[in-house]
There are 2 protein chains.
Amino acid sequence: MPQLGLLHRRAWAAFLGQLRRPPRPVCIRTVHSHSQVAEAVLTSQLKPRQEKSNFIIKTPKGTRDLSPQQMVVREKILDMVVSCFKRHGAKGLDTPAFELKEMLTEKYGEDSGLIYDLKDQGGELLSLRYDLTVPFARYLAMNKLRKMKRYHVGKVWRRESPTIVQGRYREFCQCDFDIAGQFDPMIPDAECLKIICEILSGLQLGDFLIKVNDRRILDGLFAVCGVPESKFHGICSSIDKLDKISWKDVRHEMVAKKGLAPEVADQIGDYVQCHGGVSLVEQMLQDPRLSQNKQALEGLGDLKLLFEYLTLFGIAEKISFDLSLARGLDYYTGVIYEAVLLQTPAQAEEEPLNVGSVAAGGRYDGLVGMFDPSGHKVPCVGLSIGVERIFSIVEQRMKAFGEKIRTTETQVFVATPQKNFLQERLKLIAELWDAGIKAELLYKNNPKLLTQLHYCENMGIPLVVIIGEQELMEGVITLRTVASREEVAIKRENLVAEIQKRLSES
Amino acid sequence: MPQLGLLHRRAWAAFLGQLRRPPRPVCIRTVHSHSQVAEAVLTSQLKPRQEKSNFIIKTPKGTRDLSPQQMVVREKILDMVVSCFKRHGAKGLDTPAFELKEMLTEKYGEDSGLIYDLKDQGGELLSLRYDLTVPFARYLAMNKLRKMKRYHVGKVWRRESPTIVQGRYREFCQCDFDIAGQFDPMIPDAECLKIICEILSGLQLGDFLIKVNDRRILDGLFAVCGVPESKFHGICSSIDKLDKISWKDVRHEMVAKKGLAPEVADQIGDYVQCHGGVSLVEQMLQDPRLSQNKQALEGLGDLKLLFEYLTLFGIAEKISFDLSLARGLDYYTGVIYEAVLLQTPAQAEEEPLNVGSVAAGGRYDGLVGMFDPSGHKVPCVGLSIGVERIFSIVEQRMKAFGEKIRTTETQVFVATPQKNFLQERLKLIAELWDAGIKAELLYKNNPKLLTQLHYCENMGIPLVVIIGEQELMEGVITLRTVASREEVAIKRENLVAEIQKRLSES
């Protein structure tokens, strides 16, 4: 994918580039009268923002404020993700933060205990949403929509024991793309995998792999190995742990805790330790036992078709058919997938970070029907980008580089070296604002020039407009470039045009 | 403000323009082989999306889903508002949806009953945030920040009796800008008023006025008229109703319900019916009774200075000193303001809409100190844009025009007139996506060409790429312009470049 998301990729690289830029060179050439002061301005240092305290003033357990620095990173990442969703024709949708409690019941299996309920203050019983998928299904059923391609970025809430070091919070952002509707097999499913590839490539997080499996293959596999149907679910969640614990431990859990016969466990073991490309799908289709099972056969047939489409999309080499992938949620009915980073990028400054999966999803053909009184089914397939984990990776990377990032977008600062120039500064800055230029000044009647220039260096503001008695007399304005400390006089009436010219060049 | 926010204004005008565009002319000129089919495509009609039903499937009382149409309008409006906040140097901030319950107590006076509490599921007692101001003050105190200029866009929740017809919901979006810090008087306050003007002008909602008053003037006025201090608050909320009910009714409430002496009420009446420009401030400064009161004198002095700055900003004529403006919230301590639309724009198609205030704010110098254990004060001034009301106005306007708006941004549709061309379509669309082009296709093995072209007209997709046997043989692609129905053959290898050229021209 040499040209993938070219524009966004460039913007992102520029953003990352900003972090890696060496400290600004201190160039002391100046060509104007304020030079003595200007040379005294030192390159600023970032002060620690958050001091620990033992006060009762805090955010609720498992939640946090997002600082301006964090907001900048989030905005960039979310912009990239959303622009990819829009590239694939998705519409935006928003749903309330809370739903009727009954809408969320029987959707999340044993995780239902993690749902936040609202206090009964009279009226309806309400719960905070636990994900964006169930509200989407409720929206489709409620509006009797038979198809829709939508994205949704929003907060969800889960009362988990917060292990904040891993980037897990009780309030976190989800970023979902889903395709609802009855279509020919595997076309929307393949597009979902393409989207994950585009986003993870675009974000330049390092090499990644998408594990793919199908719930029908797992069910078929359990059946042919002789797992009683009542145990399917429990065995499925044991299997799901294979990316964290060894086969030996998983086997022990299945036999000792879930009462599976050891020989059945061993047969499962032979299968779930397999992973590979389309050739593994072919191999399983030839498997004398699996091919006898209708469900497994359907799943394998669909996976074969999926790989064909993924090859046409040029992403087959990123996909691994992995029989151990099970996915936690109850509502999946077909293809499931999960993207993992293969390693953090090899950069000496970075500490290794265990990030787990960074995107996941699958097909859920029964969920909408659960909301529809006539039980009408709307097949769905979708994906969720693990943006919180991605935020953590990028924030950690930034910390490793120890570089400051701009939290404002101010382009021009309006300064004066003289006392009693507030009126002129206010007139001038209003002119800039009215021309759409991002501008700031200090809220002081008589600030020191040093303080003003220091502020610009601190905040990374590229241009300073200086007005003093001399300028007023001559009908000019001094325009200072902060990086080079170069200053030029510009006719007052040309100021806005000159600034716009410089900003469009940079 | 002739050049105000030029770029954004243009974009906005283009958006509004889209709504007012006459129906697409049905041009039937075609220059290629698919013309027979193309001519059969009819201009599409918008189907009603939402059907009423009596099901239990619903969103909680006072809340609603936001449809793709509504999301588009919101995104445009919020983009304009946020870009103005950034133009004034604000940083982004986010806080959790819920706070410790105790953080919200004693902040909202009699409105505290409207706070949503979470159920006690073990652990902390939590409440959904009621506004963005209190969390901001909590953030400043918690992080011991002495100054900050921030904006925050987020949902807040209030258990009000929903009168949905007026656009009031229990879940709604707030859009705040605040300046915290000890600065020279009235400079940040004037900037807040400038921001309101820029945003309301930029949104082209029609003529507006910003009423300004000062809590200290109100307090001084009550004192000199002989209102007992214990009644200040009650009288203040009666005064606050003057924009909805007549002076006669307000007077009755003050005398009959709040036990004010009739002659005191009449004295208040003489004052609160006054409004005007800076000359009224001068007049009040000369008022023999008000000028005896220290508080009123301070407030009037500050208003005089404020008007001086507003004149320099070129917005003084938009501001009205209005002694009846009181504002509901407890925490204001100085200047207060509220922007109202003077009328809906005079357009025959539109029904008049009572929208009330569309922006408001003021100075609150004591709130941060309430969170600080040592009581350290951080003076603050800020504003909130009434985006929900603005959304309602724009949505109503759109409804009046009866015109469809695009809910996707898709630029190119990949179509085929032949059967068994899915593989070619998938290869082609991946090429477009990888080049950053927004593209869609139908998820069908063998869709009809008519269906495909109909989809493009329906969705407002400007370009169609058509691949069939003829094209495959000749190594070309047919590029069709949906509006003109013109078709040209383009070499396959030039396709991406040609599309990018056309998109950059349009």
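The values are calculated or read from the model by the stated rules, or taken from the named source; none is laboratory data. On a predicted model such as this, the values are computed, not experimentally measured, just so you know. All Cβ positions, even for glycine, are placed from backbone atoms using ideal geometry, and neighbour counts span all protein chains on display. SASA here: full protein model, heavy atoms, side chains in, ligands and nucleic acids out. Shrake-Rupley method; radii C 1.70, N 1.55, O 1.52, S 1.80 Å.
For the range B:81-102, the set of residues classified as aliphatic (A, V, I, L, M), closer than 17 Å to A:Glu440 by Cβ and not in a loop (DSSP other than H, G, I, E, B) consists of B:Val82 only. In the range B:92-99 there is no residue that is more than 9 Å from every other protein chain (Cβ to nearest Cβ), under 23 Å from the mean Cα position of the chain (by Cα) and not basic (Lys, Arg). Scanning the range B:200-214 for residues that are assigned to a helix (DSSP H, G or I) and of a type in the set (A, V, I, L, M) yields a count of 2.
Tell me whether the range B:431-444 contains one or more residues that are in contact with a strand residue (DSSP E or B) (Cβ under 7 Å, 6 or more places away or on another chain) and among the aromatic types (Phe, Trp, Tyr). Yes: one or more hits.
Each row is one residue, and each column tells you yes or no for (1) in contact with a helix residue (DSSP H, G or I) (Cβ under 7 Å, 6 or more places away or on another chain); (2) over 21 Å from B:Glu263 (Cβ atoms).
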| site | (1), (2) |
| --- | --- |
| B:Asp189 | yes, yes |
| B:Cys192 | no, yes |
| B:Leu209 | yes, yes |
| B:Arg216 | yes, yes |
| B:Phe222 | yes, no |
| B:Ile235 | yes, no |
| B:Leu242 | yes, no |
| B:Ile245 | no, yes |
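Checked against the criterion of being within 14 Å of another protein chain (Cβ to nearest Cβ), among the hydroxyl-bearing types (Ser, Thr, Tyr) and open to solvent by 10 Å² or more (accessible area, probe 1.4 Å), the range A:235-254 contains not a single residue that satisfies it.
In the range A:297-316, how many are open to solvent by 40 Å² or more (accessible area, probe 1.4 Å) and more than 14 Å from chain B (Cβ to nearest Cβ)?
3
Counting only strands (runs of 3 or more DSSP E) that sit wholly inside the range B:403-493, those with at least 1 residues that are open to solvent by 40 Å² or more (accessible area, probe 1.4 Å) are B:486-491. Return the residue satisfying two criteria in turn: it lies in the range A:95-134 and is touching a Lys or Arg at 6+ places or on another chain (Cβ under 8 Å) and among the polar types (S, T, N, Q), and of such residues it is farthest from A:Gly382 (Cα to Cα). That would be A:Gln121. Restricting attention to the range B:136-158, the residues that are open to solvent by less than 40 Å² (accessible area, probe 1.4 Å), in a helix (DSSP H, G or I) and either at the interface with chain A (Cβ under 8 Å from one of its Cβ atoms) or over 15 Å from B:Leu93 (Cα atoms) (or both) total 3.
Restricting to the range B:159-193, name every residue that is more than 11 Å from every other protein chain (Cβ to nearest Cβ), open to solvent by 10 Å² or more (accessible area, probe 1.4 Å) and at pLDDT 95 or above. Once the filter is applied, which keeps residues that are more than 11 Å from every other protein chain (Cβ to nearest Cβ), open to solvent by 10 Å² or more (accessible area, probe 1.4 Å) and at pLDDT 95 or above, the range B:159-193 yields only B:Gln174. Within the range B:418-446, residues that are more than 7 Å from chain A (Cβ to nearest Cβ) sit with their Cβ atoms under 6 Å from residues that are of a type in the set (Gly, Ala, Ser) and assigned to a loop (DSSP other than H, G, I, E, B), at 6+ positions apart or across chains, in these pairs: B:Gln418/B:Gly468.
Being farther than 22 Å from B:Asp176 by Cβ, facing chain A (nearest Cβ under 7 Å) and aliphatic (A, V, I, L, M) is the filter here, so list the residues in the range B:100-131 that pass it. Residue satisfying the conditions is B:Leu118 alone.
Residues of the range A:235-246 include at least one that is basic (Lys, Arg), within 27 Å of the chain's Cα centre (by Cα) and at pLDDT below 95. Determine, yes or no, whether A:Leu383 is under 21 Å from the mean Cα position of the chain (by Cα) and modelled with pLDDT of 95 or more. Yes, satisfied.
With respect to B:Lys194, determine if the residue is within 25 Å of the chain's Cα centre (by Cα) and under 30 Å from B:Arg251 (Cα atoms). For B:Lys194, the condition - within 25 Å of the chain's Cα centre (by Cα) and under 30 Å from B:Arg251 (Cα atoms) - is not met.
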